[in-house]
1. Given the options B:THR49, B:THR7, B:THR31, name the one that is within 13 Å of another protein chain (Cβ to nearest Cβ) and either in contact with a Pro (Cβ under 6 Å, 6 or more places away or on another chain) or open to solvent by less than 20 Å² (accessible area, probe 1.4 Å) (or both).
2. Give the residues of segment A:94-113 that are surrounded by fewer than 16 Cβ atoms within 10 Å (Cβ to Cβ), in contact with a strand residue (DSSP E or B) (Cβ under 8 Å, 6 or more places away or on another chain) and within 28 Å of A:ALA33 (Cα to Cα), sorted by residue number.
3. Being at pLDDT 95 or above, crowded, with 18+ Cβ neighbours inside 10 Å and either farther than 27 Å from B:PRO55 by Cβ or among the aromatic types (Phe, Trp, Tyr) (or both) is the requirement here; does A:ARG63 meet it?
4. Filter segment A:16-28 for residues that are out of contact with any Lys or Arg (no Cβ under 6 Å at 6 or more places or on another chain) and buried (at least 17 other Cβ atoms within 10 Å of the Cβ) and give the result.
2 protein chains.
Amino acid sequence: MKHYHYTEVTEEDVPAPAEGVKVRWLIKEETGAPNFAMRQFTLTSGGYTPRHTYPWEHEVFIRAGSGTVLGKDGEEPVKPGDVVYMPPDEEHQFRNTGDDDLVFLCLIPHQKK
Amino acid sequence: MKHYHYTEVTEEDVPAPAEGVKVRWLIKEETGAPNFAMRQFTLTSGGYTPRHTYPWEHEVFIRAGSGTVLGKDGEEPVKPGDVVYMPPDEEHQFRNTGDDDLVFLCLIPHQKK
């Protein structure tokens, strides 16, 4: 097994059009994972991910903070302990609408090479 | 998208030889997820999962509590924010060695039918 604290994983800036977003790739192909990756995103107050669409699903767990998630039926508030299943091809966006960091895990299948 | 708090998902007892273990299947095939499932396990104080081996990987994030994870090289303490990548075919076990619930997310690929 591989075992470490998330703070041991390098935090990377997510470039524009994201704003105030950092990501840690906690488990990835290089870890040995054959199927899917675990990332942790941190959005500073006012930060947001771009409105974007991917042809794969996202499995999200909100760890801390408050904000919103936009899907095809509009924007919904998110809070710690919330689960979001975002299917492939649905445009989405996360926003931090609170004062503290919005932190969530987001798992995706490895992209086909 | 689908969006709910984890407490809205039914908590199920994990039968013996697990002891003091409950699970919520937060995202599963019936949710629409094509590739992998998100589960949340809760082990009461003194609880443990069986020593077991599966032919698929586990991607784990420790949310709360304290305990240990056993892998092929022995037992290691776990704490909130810890990440565990358990590869296929490695025997493993989680134990709650603290006073509070040990809570972790554990994601696995769907089993081939």
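1. B:THR31
2. A:HIS110
3. For A:ARG63, the condition - at pLDDT 95 or above, crowded, with 18+ Cβ neighbours inside 10 Å and either farther than 27 Å from B:PRO55 by Cβ or among the aromatic types (Phe, Trp, Tyr) (or both) - is met.
4. Within segment A:16-28, A:ALA18, A:GLY20, A:VAL21, A:LYS22, A:ARG24, A:LEU26, A:ILE27 qualify.
The values are calculated or read from the model by the stated rules, or taken from the named source; none is laboratory data. Fair warning: this is a prediction, and the values are worked out from it, not measured in the lab. All Cβ positions, glycine included, derive from the backbone under ideal geometry; neighbour counts span all protein chains shown. Each accessible area value is taken on the protein alone, full model and side chains, heavy atoms only, with ligands, DNA and RNA left out. Shrake-Rupley method; radii C 1.70, N 1.55, O 1.52, S 1.80 Å.
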